[in-house]
Amino acid sequence: MFEKQKLWDVRPKWLDGFGVYSDIVVAGRIRLARNLKNFGFPHKASQDQLEKILTQVADAVEETRKFTGLSFWWIEEFSELERQLLLERKVISPEFARKTERTALALGEWGRLSVMVNEEDHLRIQLLDTGIQLDVLWDQIQNIERLLAQKLIFSFSDDFGYLTCCPTNTGTGLRGSILLHLPALEHTGQLKSVFNEEKSFDLSIRGYFGEGSEVVGSMYQISNKLTLGLTEFNLLDGLLKIALKIVDKELKVRREFMENRNIGIQDKIFRSLGILERARLISSSEFMQHYSNLLLGIDLGYLPEINRLDLQNLFLWTQPAHLQWREGKELHALERDVMRAEIIKSELRL
């Protein structure tokens, strides 16, 4: 088991920015929903059932650790701030971050692999990585699920597939997601029509934190809505094809910006740079928008003096929980905004 304290010092792998189309594709994720046979779903289960689920999953994680690399943690072992750190790193969901009892978390590869226990379903197995390599993630998460299935009996119907709390997850229980940075399409007002073109796939479009989150910094998470009646291959292949079409449209608009030397987009980029150079207060949401503009500026070649990896580090370390972890104390909103502005200037050497 790794030391929990070291977890926060490790850069999330999905922020590395490697792979094909890494200037647009931020991260790819695959999640599997599974429930144990003969137990009610978490919102219906008794306290005794929830405890038994935790015990069974803890035993399964321990018995397969040699192969999965997973470590099991009771939710009580994480402070409220630490749960927010996990949320900001996309390791857990907003709903799970709010839970304080009869839940647990299994972690592997410093958060790249995670299993939320007693969230909406008994198990939410997740793999998150940089780039658009859903096929690689699928091969890996299948192996993890099969190992756990040797120790746990999952609820399965011959007619419907894997049974889940939410009907949209019933079937394969698979949700593929791709986080895209789409500032050019957003700037030109084309996003709505681009997404509408993909209605046949029944696409879900969310913000950075997934379900219920607003879009900030031109970050759009696209994922499949339904799983029933479809194979895992068809789901992931369909999602990948749509993502690549959107990426192609984003690249086309970016090329037009460059060819036309679009003064509007240049102004937006350098205005953000000027604000970050001079501002004394920067909120998290405001920085996300400036962050998006600077990323685009780097990708278009306007800001060669700014290192992309340094900027991506700031993406994480200027979020509320990470700021407070860095300082080792709770900070009020105003204190965070002051510190965020100072850190940005220091790290980017503005």
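FYI, it's all coordinate maths here, none of it is from the lab. Just so you know, these numbers come straight off a predicted model, no measurement behind them. For neighbour counting, all protein chains shown are included, and Cβ atoms are generated from backbone atoms with ideal geometry for every residue, glycine included.
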Global geometry of the range 263-347, whether rounded, prolate or oblate, following the gyration tensor of its Cα atoms and the 1.5 cut on a/c: prolate
Estimated FRET transfer efficiency (residue 58, residue 139; beta-carbon r; R0 22 Å; 0.05): 0.25
Out-of-range pairs (alpha-carbon distance over 26 Å; input 151/241; 90/241; 6/44): 151/241; 6/44
Contour minus Cα-Cα distance for residue 263 and residue 98 (0.36 nm per residue): 55.0 nm
Solvent-free Debye scattering, log10 I(q)/I(0), computed from the Cα coordinates of the range 4-253 at q = 0.17 Å⁻¹: -1.35
Under the Debye formula (equal points on every Cα, no solvent term), log10 I(q)/I(0) of the range 78-126 at q = 0.14, 0.29 Å⁻¹: -0.27, -1.25
The range 1-110 - Debye-derived log10 I(q)/I(0), Cα point model, q = 0.10, 0.12, 0.16, 0.21 Å⁻¹: -0.36, -0.51, -0.88, -1.34
